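Q: The structure's right below; bear with me while I get my questions together.
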Amino acid sequence: MTRREHLYNSGEFDNSIYVIQCGYLKTSTFSRDGRQCLLAIHGPGEVLGEACLVPGVRNETATAMRSALVWRIRSADLLSAVTDDMMMERVVMCLAERMSEQQQAITNLVTMNSEQRLAATLLQLARKLGHRTEAGLRLDERITQDELSGLVGTTRSRIGHFLKKFHRLGYLESPRGAFILINERRLAAHAGV
C-alpha cells in the first residue's frame with residue numbers, strides 16, 4: 001500500500017480481516033458534518049478490520065500513514081482455521097485487547113481533560129509503536145497534530161499548545177531522527193496514569 005491509500009472504507013462491505021506486516025495504518029470515522037475522529041493507529045503485527053466478523057458494512061476507514069505491507073485473510077478462512085485451539089486463543093486475545101483499548105479510550109474521554117488525554121495518548125502510542133531507550137520512550141513514527149487532535153478529541157491548536165508545554169516542562173524532547181522522546185515517568189504522572 002502507498003501512503004494515504006485506503007485499505008477499506010466506511011460504508012462498504014468487506015469480508016476480510018488484515019494483519020500489518022510493516023508500516024502503519026490509521027482507522028477513522030467521520031461525523032455527519034465531515035469532522036474526522038481518529039480511532040486508532042495500528043503497527044506491524046497488529047490486526048485490523050476484525051469487525052468483518054459481524055455482518056454489515058464497515059463503520060471506519062483504514063488508511064496507510066506511509067507505505068505498508070498488509071496480509072488479507074477472508075473471514076470465512078479465519079473462521080474455519082479457528083477450530084485449532086491455538087488459533088482460537090490468538091483471535092480471542094486480539095479481540096479482547098482491542099476491546100480493552102476502546103474501553104480505556106472511552107474512560108479517558110469521560111475522566112480526563114484534553115491535556116491529560118494527550119499525555120495518556122502519547123504514552124499509549126509510544127508504548128505500542130515505539131521502543132525504550134536509556135533516555136526514555138522513543139517514537140519514530142511521525143504523527144501530525146491533526147491526527148493527535150483526532151485521537152484526543154480536541155482542536156489542533158490545543159494540541160500544539162500542550163506539546164509546547166510538555167517540551168518546556170521536560171516531558172518530551174524532539175531528538176534528531178525521532179518524532180518524540182518521552183520521559184515516561186514524568187508524563188505518566190502528569191496524565192495521572
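Taken together, the values in this text are just the output of simple stated rules run on the coordinates, not laboratory data. Remember, predicted model here, so these are calculated numbers, not experimental data. Cβ atoms come from the backbone with ideal geometry, glycine included; neighbour counts cover every protein chain shown.
Q: Any chance you could count how many residues in region 150-188 are under 12 Å from Leu122 (Cβ atoms) and hydroxyl-bearing (Ser, Thr, Tyr)?
A: 1
Q: A further question on this structure: Of all residues in region 130-145, which are charged (D, E, K, R), more than 24 Å from Gln36 (Cβ to Cβ) and part of a loop (DSSP other than H, G, I, E, B)?
A: Selection gives Glu134 alone.
Q: Among the residues of region 60-100, which ones are under 27 Å from Ala119 (Cβ atoms) and out of contact with any strand residue (DSSP E or B) (no Cβ under 7 Å at 6 or more places or on another chain)?
A: Scanning region 60-100 gives Arg66, Ala96, Glu97, Arg98, Met99, Ser100.
Q: Something else: Within region 146-164, which residues are over 15 Å from the mean Cα position of the chain (by Cα) and part of a loop (DSSP other than H, G, I, E, B)?
A: Matches in region 146-164: Thr154, Thr155.
Q: Please specify each residue of region 104-139 satisfying the condition of being among the charged types (D, E, K, R) and surrounded by 13 or more Cβ atoms within 10 Å (Cβ to Cβ).
A: Glu115, Arg117, Arg127, Lys128, Arg138
Q: Sort out for me the strands (runs of 3 or more DSSP E) sitting completely within region 1-115 that have 1 or more residues that are within 19 Å of Ala126 (Cα to Cα).
A: Filter on region 1-115 gives 16-22, 25-30, 36-42, 61-64.
Q: Restricting attention to region 1-47, report how many residues are surrounded by 18 or more Cβ atoms within 10 Å (Cβ to Cβ), out of contact with any Gly (no Cβ under 9 Å at 6 or more places or on another chain) and free of Cβ contacts under 8 Å to residues at least 40 places away in the same chain.
A: 2
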